[in-house]
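Working notes, structure below.
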Amino acid sequence: MSHKIVRTSCRMCHGVCQVLVHLDNDKVVKVTGDPESPTSKGYICSKAIHSPELLYHPDRLTEPLERIGKRGENKWKAISWQEALDKIAEKLDSIRKEYGSEYVALTQGTGRPYTIFNARFANAFGTPNFVTSSHICFFSRVTSSGITLGGLPISDIYGFGGVTPKCMLIWGCNIFNTGGADGMSGGMLRRAINHAQNVIVIDPRKTLPNKPGVRHLQLKPGTDGALALALVHVIISEDLIDKDFVQNYTFGYDELVQHIQPYTPEWASEITELDAETIKDVARTYAIIKPASIQWGNGIDYSLSAFQTARAILILRGITGNIDKPGGDVLWVSPEKIRVMSPLVGPEGIGARFLPQEKQSLSLNEGKYPFDPFIHPPTFWKSILEEKPYRVKALWAIGTNPLVTATNPAEIKKALDLIDFIVVSDFFLTPTAQQADIVLPAATWLEQNDIANFHKIWAVLARKKVAQVGNVKDDKEIILELAKRLGLQEAFPWSSLEDYREWILENTELNFDEFCEKGIITGNMEYFKYRKNGFPTPSGKFELYSHVLESMNLDPLPIYRDSSLELTSDYPLWLTNAKTLEFFHSENRNLPSLRQKNPDPLVEINSFTASEYGIANEEWVILETVHGKVRMRVKTTTAIKPNVICAQHGWWFPEEDNSENSWQKSNVNMLYAYQMYDPEIGAELMRGVPCKIYRE
Ligand SMILES: Nc1nc2c(c(=O)[nH]1)N[C@H]1C(S)=C(S)[C@@H](COP(=O)(O)OP(=O)(O)OC[C@H]3O[C@@H](n4cnc5c(=O)[nH]c(N)nc54)[C@H](O)[C@@H]3O)O[C@H]1N2
Ligand SMILES: Nc1nc2c(c(=O)[nH]1)N[C@H]1C(S)=C(S)[C@@H](COP(=O)(O)OP(=O)(O)OC[C@H]3O[C@@H](n4cnc5c(=O)[nH]c(N)nc54)[C@H](O)[C@@H]3O)O[C@H]1N2
Ligand code: SF4
Ligand SMILES: [Mo]
């Protein structure tokens, strides 16, 4: 038997873990961590370990399928790639000619290795209607960072400068479950947390074990903005700022001092349900213990002041001088010579927009949510239902399952029924894929050759194809093929993906095989870059007061917006939700080893609250908001704030018949349909919403 080990990089989440794939006679038998990896140092999580179950899953799509029954009936026939791509191209082309290219929409959920291909395809085809989850995922933080300091500050957990953070704020980030979230390895984050002398977790759940140096601030969900402003207030009023940084490298400090006056710890205490003294104490710890860093997450993204909260948290980093210093929050340096394809076709403009200006007037966002470069999903689905301003004729969903991962999914189902032509690219016939006319089978990370530069951060990783199941194709290749058929060669001049990869690597003087041999290319970290270059903002400074926001008639200094929802005797608990270690959003429920670790949809409730309601651990319950009901299983714990419950996100049951409404019954998004949005980014209200819980 021949045994082979191939070094590659995992893509079961957004992490940057390098792994070793073990093959016996060309069959993938095991995935292990790569001890030599500078990004993950041998760390691996259960999703990667069990990914051979994804690769060889008996239900995987292996050929393109065409619907033969009624829409949603789940009856299919296999067709060739040639036929599938010709049909799709013909249909998209006829819509483009008859109605205009904006009548074709593309959607994907989270960012994936092919995101830039999709965005570029949408641009080249001429549609502004590219719908993603960016409004609730990361973009409030990315874009507010862009206008404040010209880049995304990242916790210096790798400690290239010889130190890791002494003080860490873990702010709405589910470290043990999500693996450190975006662009880092969870294992490395945990190592940094263990080294820190002070760790402050800001989360309605205690996500770290109680031990000396660890504090939990269990705030009321959705009120992070108030807490952030009060922390700024204390640091300013107690003169705990970094004077050198503030004087020399920031803009608008005097305005900030005036502006912050009303946001006292006492004011925030009422809103956040935290003690004012605790807020003061935490502000002092964060400002005094240096270097300090903030690891933030989706906990702060799903509120009506998501964008402004991110701004306030950036300002905390700025006034304490923790920016770009060893062990603080740093601006990573990307490898210089790796090319990055632009999502825009033609010359790039400044600003956050991914879409050419001339298309903006056709965008379904209608000028709202200026910091979301993509189309706002709730607005998109509504435009279909109401046919206002127009109803798209075709939708291509690439790697997204909105019937489970987007809010108000019952309405999305109705909207899907109204679209003439739907294509879904996925690994499986998910509830969303079942609504398609044509389904395209996508390649997993084990079936791709790629230059993984997802977050354009400090490391670019080699991903090597080790297997091929059926006739699956890399999504990027599918896009190239369709681009050719639709006359978009100017935007996609590569004859094949191989050709594209060589273009990406051209300046490195490595070919793809040599790059794989190396495995990783890293940037050369440099600290305090601003001392040399300033910040790439209008003033050249770290903008406490934002010129960009001012020019857009938006609040140039951070504010707090409350949702005004209140608990009532009918709905007495605050509902929030979180992601799960074994699963990636709606994925992996069909991988036996992962499902076994978390077989049922869980809702966490405080043990004392549960006993008040007569609910026992592991009992099945109904969660209900004004918008819907779902069924989940109780997990009692003392680690959650007593008036909060936290449901797992992403549940459906692949083992059941999903042509009926099985995908609705434990899907937390059935509980959210609040049509209130953050005006800057379009974020939805998904943290503190009133809820009740009762036995079935
Ligand atoms: N295993 C796994 N890993 C993933 C993913 C996955 O689905 N599964 N998804 C990936 C993606 S796309 C993303 S965006 C990242 C996200 O990764 P995270 O940012 O870690 O996302 P969440 O699990 O939503 O976590 C948020 C944390 O916020 C807490 N929280 C809830 N409400 C509030 C609140 O109002 N305020 C505060 N401060 N905290 C609150 C929750 O208790 C939870 O601990 O993870 C990525 N990694
Ligand atoms: N209530 C609630 N809702 C949320 C969240 C939450 O925490 N709570 N999180 C939000 C966030 S942060 C995000 S990013 C979104 C994520 O939303 P989605 O991106 O829709 O989530 P997934 O379940 O990961 O989705 C996608 C589908 O893509 C398929 N897929 C995976 N990889 C590939 C690939 O390489 N190619 C193709 N073609 N298909 C692939 C999977 O099989 C799966 O069916 O959900 C958001 N929705
Ligand atoms: S944390 Fe993410 S990238 Fe790392 S091994 Fe797990 S799934 Fe793979
Ligand atoms: Mo996300």
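The values are calculated or read from the model by the stated rules, or taken from the named source; none is laboratory data. Treat the numbers as computed from the prediction; the structure is a model and nothing was measured. So basically every Cβ, Gly included, is an ideal-geometry build from the backbone, and we count neighbours across all protein chains shown. Keep in mind that these areas ignore ligands, DNA and RNA; they rest on the heavy atoms of the full protein, side chains included. Shrake-Rupley method; radii C 1.70, N 1.55, O 1.52, S 1.80 Å.
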If the Cβ limit is 8 Å and pairs must be 6+ apart or interchain, which residue in segment 397-419 that is more than 17 Å from Gly650 (Cα to Cα) pairs with which residue that is of a type in the set (Asp, Glu) and assigned to a helix (DSSP H, G or I)? Ile398/Asp475
Only one of Val163, Val104 that is under 30 Å from Tyr672 (Cα atoms) and either more than 16 Å from ligand 2 (Cβ to nearest atom) or open to solvent by less than 20 Å² (accessible area, probe 1.4 Å) (or both): Val104
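To keep it simple, each residue is scored yes or no on (1) open to solvent by less than 60 Å² (accessible area, probe 1.4 Å); (2) assigned to a helix (DSSP H, G or I); (3) acidic (Asp, Glu); (4) within 10 Å of ligand 3 (Cβ to nearest atom).
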site: Phe176; (1), (2), (3), (4): no, yes, no, no
site: Arg191; (1), (2), (3), (4): no, yes, no, no
site: Lys211; (1), (2), (3), (4): no, no, no, no
site: His216; (1), (2), (3), (4): yes, no, no, no
Which members of segment 193-209 meet the condition of being within 16 Å of ligand 2 (Cβ to nearest atom) and either in contact with a strand residue (DSSP E or B) (Cβ under 6 Å, 6 or more places away or on another chain) or open to solvent by 20 Å² or more (accessible area, probe 1.4 Å) (or both)? Pro204, Arg205, Thr207
From the list Glu655, Glu680, pick out the single residue that is buried (at least 23 other Cβ atoms within 10 Å of the Cβ) and either at pLDDT below 95 or in a loop (DSSP other than H, G, I, E, B) (or both). Glu680
Single condition Lys70 does not satisfy, out of (1) under 29 Å from Pro409 (Cβ atoms); (2) in contact (Cβ under 8 Å) with a residue 24 or more places away in the chain: (2)
Here the qualifying pairs (Cβ atoms under 9 Å; residues six or more apart or on different chains; first in segment 590-614 and within 30 Å of Asp657 (Cβ to Cβ); second of a type in the set (Val, Ile, Thr) and surrounded by fewer than 18 Cβ atoms within 10 Å (Cβ to Cβ)) come out as Glu604/Thr637
Qualifying position, being surrounded by 15 or more Cβ atoms within 10 Å (Cβ to Cβ) and at pLDDT 95 or above, among Pro356, Pro370, Pro343, Pro377: Pro377
Restricting segment 24-51 to residues that are closer than 21 Å to Asp474 by Cα and open to solvent by less than 20 Å² (accessible area, probe 1.4 Å), the one farthest from ligand 4 (Cβ to nearest atom) turns out to be Val28
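Conditions tested, residue by residue: (1) of a type in the set (Phe, Trp, Tyr); (2) over 19 Å from Phe535 (Cα atoms); (3) open to solvent by 30 Å² or more (accessible area, probe 1.4 Å).
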{"position": "Gly225", "(1), (2), (3)": "no, yes, no"}
{"position": "Ala230", "(1), (2), (3)": "no, yes, no"}
{"position": "Val234", "(1), (2), (3)": "no, yes, no"}
{"position": "Leu240", "(1), (2), (3)": "no, yes, yes"}
{"position": "Asp244", "(1), (2), (3)": "no, no, yes"}
{"position": "Thr250", "(1), (2), (3)": "no, no, no"}
{"position": "Tyr253", "(1), (2), (3)": "yes, no, yes"}
{"position": "His259", "(1), (2), (3)": "no, yes, yes"}
Of a type outside the set (Lys, Arg) and at pLDDT below 95: which single residue out of Thr143, Thr148 fits that description? Thr143
Those residues of segment 595-608 which are under 28 Å from the mean Cα position of the chain (by Cα) and outside any strand (DSSP E or B), in sequence order: Arg595, Gln596, Lys597, Asn598, Pro599, Asp600, Pro601
Give segment 268-297 a look and list any residue that's within 17 Å of Cys137 (Cα to Cα) and crowded, with 24+ Cβ neighbours inside 10 Å, or say none. Gln295, Trp296
All but one of (1) over 24 Å from Thr407 (Cα atoms); (2) surrounded by fewer than 19 Cβ atoms within 10 Å (Cβ to Cβ); (3) within 13 Å of ligand 1 (Cβ to nearest atom) hold for Leu554; state the number of the condition that does not hold. (3)
Matching helices (runs of 4 or more DSSP H) fully within segment 253-353 where at least 2 residues are within 25 Å of Tyr677 (Cβ to Cβ) and touching a residue at least 60 places away in the same chain (Cβ under 8 Å): 306-319
Those residues that are within 14 Å of ligand 1 (Cβ to nearest atom) and part of a loop (DSSP other than H, G, I, E, B), I need them from segment 193-209; list them, please. Asp203, Pro204, Lys206, Thr207, Leu208
Go through segment 87-113 residue by residue and tally those that are within 16 Å of ligand 4 (Cβ to nearest atom) and outside any strand (DSSP E or B). 6
Residues (outside any loop (DSSP other than H, G, I, E, B), open to solvent by 10 Å² or more (accessible area, probe 1.4 Å) and either among the aliphatic types (A, V, I, L, M) or touching a Cys at 6+ places or on another chain (Cβ under 6 Å) (or both)) located in segment 609-652: Ile622
Give just the number: which of (1) open to solvent by 10 Å² or more (accessible area, probe 1.4 Å); (2) among the aliphatic types (A, V, I, L, M); (3) in contact with a strand residue (DSSP E or B) (Cβ under 7 Å, 6 or more places away or on another chain) does Ile116 not satisfy? (3)
What's the number of the condition Gly470 fails, among (1) out of contact with any helix residue (DSSP H, G or I) (no Cβ under 9 Å at 6 or more places or on another chain); (2) surrounded by 15 or more Cβ atoms within 10 Å (Cβ to Cβ)? (2)
Which ones in segment 560-603 are open to solvent by 20 Å² or more (accessible area, probe 1.4 Å), in contact with a strand residue (DSSP E or B) (Cβ under 8 Å, 6 or more places away or on another chain) and under 21 Å from Phe176 (Cα atoms)? Lys579, Asp600, Leu602
Please determine whether any residue of segment 84-92 is modelled with pLDDT of 95 or more and surrounded by fewer than 17 Cβ atoms within 10 Å (Cβ to Cβ). yes
Pairs where the first residue, in segment 513-534, is basic (Lys, Arg) and the second is in a loop (DSSP other than H, G, I, E, B) and open to solvent by 60 Å² or more (accessible area, probe 1.4 Å), C-beta under 9 Å, 6+ apart: Lys532/Glu526
